[in-house]
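Each remark here refers to the structure printed beneath this line.
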Amino acid sequence: MNSSLALIWTITAATTLLQAGNGLLQALMPLRMQAEGISVASIGVVAAAYGVGFSTGCFFAPSFIRHVGYIRAFASLAAMVSVLILAMTQAHSTLAWILLRGLTGITLACIFTVTDGWISARATSTHRGRILSIYMICTKVALMLSPLGISFGDIRTDGLFMAVSALITLSLLPIAATTTKEPNAPQGVRIEVRKLFATAPSAVVGAFVVGLVNGPVIAITPVFGVSIGLSQDQAAALLFALQAGSLAMQWPLGWLSDRADRRYVIAGLALGTSLVSLLILWASAQNASLLILWSFAAWGGLALCIYSVCVAHACDIVDPGQIVSTVGTLLFSWATGVTVGPLIGALAMEVLGPQGLFIYAALASLGLAAFIVMRIIRVQRPPAKGGFADIAPTSSASAGLAPRAEIGATGDLAHSPEPEGEEAVDQNGRSPATRVETSP
């Protein structure tokens, strides 16, 4: 175990510092744009630019890493992000914010491919659960606590952007100091949305709706908080509550999803998200700040966990050799939702006021719940067979962290027994739809 930790401590430390800067940036950017008089609709467009950049970066990342290696890729990309953050101090128009946020989406997608791929290759089956727990707890705690740093500076000055840049620059130090050999470079991922939808429609639709809902809520929550009368510090604390709820609920929900048809869990989480969205609307109308904070924690514990269950559900169905392509396809579906969702969420706020964001979230989540229920009625499935992994929508390299993906020392996926498909099976118990082609 100690030798395994030695292999990942540098990338874990680097990613923790990187996520600390990223979490603070998520709180800072929308508040800065609002303070400069940029409309909520324009803030939504900026958030959508991040989704476009992120999905683009996921396609370019594997070839870039193969060309320069993990360590040099991380170093060059982190330096680029740091410069982009400093450039945001000079952004005074919507077009400038769109350009900079799109570029940060590309670079962060490539960085997360580096970090996820590194962990995937080093987390062997013997210590997989403990290694991944350490990595994900460290990074999620950083993402959770860092928005509170908004109280240490003035959003109208450049100090907080400099702090974000400093944290991202500091993430270079553990990587530069590593003495371990970097993993083998990742292979490209083929996106097969149509084929995966034929095999696991609940997972594909779930990942897309997660992007539709979570994207605008995370991107616009600070603006929502200020718009309903909260202070800037309280508005940033809403992001803390979202991540804290997600951290608290990941493993209980994972335990539950490992013992039932995961589609029941997805439907329950979506329905719960819709109901808690209505609770947030009621609490904001009552100006009950403490209840709003707890409601956001509950919302994060439900909505931010759906993607992990969708990945686990899809990986239960496809062959082990298809997991990389499957996770890449789900990531693409999520990124598509993240691109579109902020536009709709911001428009809802413009038309209906601040409450429009969670009216939209409630309706979209309810739609997902209804779709999953229809799938359950149409196709019965046995309880889940695969293990649950806390998969965040970061990069296609996270396929190695998925359930049933056994990674050897070389980073190759080992095969396990054939799963059952979601559609009708033949006499051999295999579904034609589960034969999804993967990239070489």
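Each part reduced to its alpha carbon centroid, the stretch 159-221 and the stretch 8-54 end up 13 Å apart. Computed extension gain for Ser133 through Phe59, at 0.36 nm per residue and net of the alpha carbon distance, reaches 23.9 nm.
Between the residues Gly268, Ala203, Leu160, the greatest Cα displacement towards the positive end of the dipole of the stretch 150-274, with unit charges on the Cβ of Lys, Arg, Asp and Glu, is found for Ala203. Here the calculated FRET efficiency for Ser93 and Lys181, from their Cβ-Cβ distance with R0 = 35 Å, stands at 0.15, rounded to the nearest 0.05.
Compute, for the stretch 183-290, the length of the dipole vector about the Cα centre, with Cβ point charges of +1 (Lys, Arg) and -1 (Asp, Glu) only. Units Debye, rounded to 20.
Details: 6 positive and 4 negative charges, 82 e Å.
Dipole magnitude for the stretch 183-290 comes out near 400 debye.
Could you tell me whether the stretch 155-211 comes out rounded, prolate or oblate from its Cα gyration tensor? Rule is a ≥ b ≥ c as square roots of the eigenvalues, rounded for a/c under 1.5, then prolate if a/b exceeds b/c, otherwise oblate.
Numbers: a/c = 4.72, a/b = 1.55, b/c = 3.05.
Cα axes put the stretch 155-211 in the oblate bin.
Cα centroids of the stretch 58-106 and the stretch 269-338: 26 Å apart.
The packing ranking of peptides 207-214, 312-319, 334-341, highest mean first, is 207-214, 312-319, 334-341, where packing means the average number of other beta carbon atoms within 10 angstrom of each residue. About the centre of its Cα atoms, the stretch 21-176 shows a dipole size close to 480 debye [charges on the beta carbon of Lys, Arg (+1) and Asp, Glu (-1) only; nearest 20 debye].
How much length is gained on full extension from Val83 to Ala166, taking 0.36 nm per residue of separation minus their Cα-Cα distance?
Numbers: separation 83, 0.36 × 83 = 29.88 nm, distance 1.02 nm.
Answer, rounded to one decimal: 28.9 nm.
Net charge dipole, the stretch 95-246: roughly 560 debye, given to the nearest 20, about the Cα centre with Cβ charges of +1 for Lys and Arg and -1 for Asp and Glu. If you wrap the Cα atoms of the stretch 61-204 in a convex hull and average its projected area over all directions, you get 11.7 nm².
Every number here is computed from the coordinates shown, using simple stated rules; none is lab data. Predicted, not measured: the structure shown is a model, and the values here were computed from it. With ideal geometry, Cβ positions are generated from the backbone for all residues, glycine too; neighbour counts draw on all protein chains shown.
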